[in-house]
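Each remark here refers to the structure printed beneath this line.
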Amino acid sequence: MPLYQAGTKSQLARYSTWTRVPILIDGPVTVWESLAICEYLAERHADKNLWPTDIRARAMVRSVSAEMHAGFSTLRHELSMDCRAYHPGFPVSAGARNDLDRIEALWSECRAQFASAGPFLFGTFSVADAMYAPIALRVRTYDVNVKPESADYVSAFLALPAMQAWIDSARDEPERLPQFERLPV
């Protein structure tokens, strides 16, 4: 569905009173907002352990996911989400770098405490990884300089078939939104 068009809100209103994205429609069930969608999917696919079984790890997944949901506004504003672009040498402001430094500190803490079982923030894929997907994509899009362990995490994340499909779908999308196609100044 094309976004930021004159009829976008009315099109979204056909599915939900929430006229923003993301919206998940699963048969008769409509869920909106990222964390609510993650909760719903974790319930529907309990075998995937999207919320870790360990109470400490689960509390940390919830905390870092909530921080992602509510924070990093400078980074989101200055490095827009654009899966099909690649901007090597993009200048990252001090404010966006502060957001990235906090994200890298979170990633490092999660991996140090909980990631012995695999390449993701809590070893196996979790809600936290889903929440940080837009950051991993921004790191790639803007060729952001991150620490080696963060680069390894981003590489593992972007190698997921679902991420490759997301990127491929974005490249096939005909819609262009000039206000979000950032170029270095």
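The values are calculated or read from the model by the stated rules, or taken from the named source; none is laboratory data. Computed from a predicted structure; not experimentally measured. Cβ sites come from the backbone with ideal geometry, for glycine too, and all protein chains shown count toward neighbours. Surface accessibility is based on the protein's heavy atoms, side chains included, excluding ligands, DNA and RNA. Shrake-Rupley method; radii C 1.70, N 1.55, O 1.52, S 1.80 Å.
Once Lys and Arg get +1 and Asp and Glu get -1 on their Cβ, which of Ala159, Ala128, Cys83 lies farthest toward the positive end of the dipole of the stretch 44-162?
Towards the positive end, the residue furthest out is Ala128.
With a ≥ b ≥ c taken as the square roots of the eigenvalues of the C-alpha gyration tensor of the stretch 1-73, please select rounded if a/c is under 1.5 and otherwise prolate if a/b is larger than b/c or oblate if it is not? Mind showing how you got there, number by number?
On the way: a/c = 3.97, a/b = 1.74, b/c = 2.29.
Note, shape of the stretch 1-73 comes out oblate.
With a 10 Å radius around each residue's Cβ, average the other Cβ atoms per peptide and rank 159-171, 61-73, highest first. Before the final figure, lay out the partial values.
Details: 159-171: 12.3, 61-73: 16.6.
Output ranking for 159-171, 61-73: 61-73, 159-171.
Could you give each residue of the stretch 52-57 its phi-based ³J(HN,Hα) in whole Hz, using Karplus coefficients 6.51, -1.76, 1.60 with θ = phi - 60°, and x for Gly or Pro?
x, 6, 5, 4, 5, 5
Given a 1.4 angstrom probe, what's the average accessible area per residue across the stretch 1-126, in square angstrom?
Working: 7220 Å² over 126 residues.
Computed with neighbouring chains in place, this is 57 Å² per residue.
When the convex hull of the C-alpha atoms of the stretch 75-134 is computed, what volume per residue in Å³ does it have? Please report the intermediate quantities before stating the final value.
Numbers: hull volume 5.9 nm³, N = 60.
With only Cα atoms used, the stretch 75-134 gives 99 Å³ per residue.
How far apart, in nanometres, would the label points at Thr53 and Ala170 be if each is projected 7 angstrom from Cα along the Cα-to-Cβ direction?
Placing both labels 7 Å beyond Cα along the Cβ direction yields 3.5 nm.
Taking the Cα centre of the chain as origin and charging only Cβ (+1 Lys, Arg; -1 Asp, Glu), how large is the dipole, in debye to the nearest 20?
260 debye
Could you give the Stokes-Einstein D for the stretch 117-184 in µm² per second, using the C-alpha Kirkwood radius, 20 °C, 1.002 mPa s?
Diffusion coefficient, whole number: 162 µm²/s.
For Kirkwood radius over Cα pairs in Å, the listed values are (i) 18.3; (ii) 16.4; (iii) 17.7; which was obtained by calculation from the structure presented?
Working out Kirkwood radius over Cα pairs in Å from the coordinates points to (iii).
Using +1 on the beta carbon of Lys and Arg, -1 on that of Asp and Glu, and nothing else charged, what's the dipole of the stretch 95-185 about the Cα centre, debye to 20?
Values: 9 positive and 13 negative charges, 29 e Å.
The calculation lands at about 140 debye.
Could you check how much of the accessible area of the chain is carbon and sulfur, as a whole percent, using a 1.4 Å probe? All intermediate terms of the calculation are to be shown ahead of the outcome.
Details: 5800 of 10340 Å².
Carbon and sulfur: 56 percent of the exposed surface of the chain.
Once phi is turned into ³J(HN,Hα) by the Karplus curve 6.51 cos²θ - 1.76 cosθ + 1.60 with θ = phi - 60°, what whole-Hz value does each residue of the stretch 27-40 show in order, with x for glycine and proline?
For the stretch 27-40, the Karplus-derived couplings read x, x, 9, 10, 10, 10, 6, 3, 5, 5, 5, 4, 4, 4 Hz, x marking Gly and Pro.
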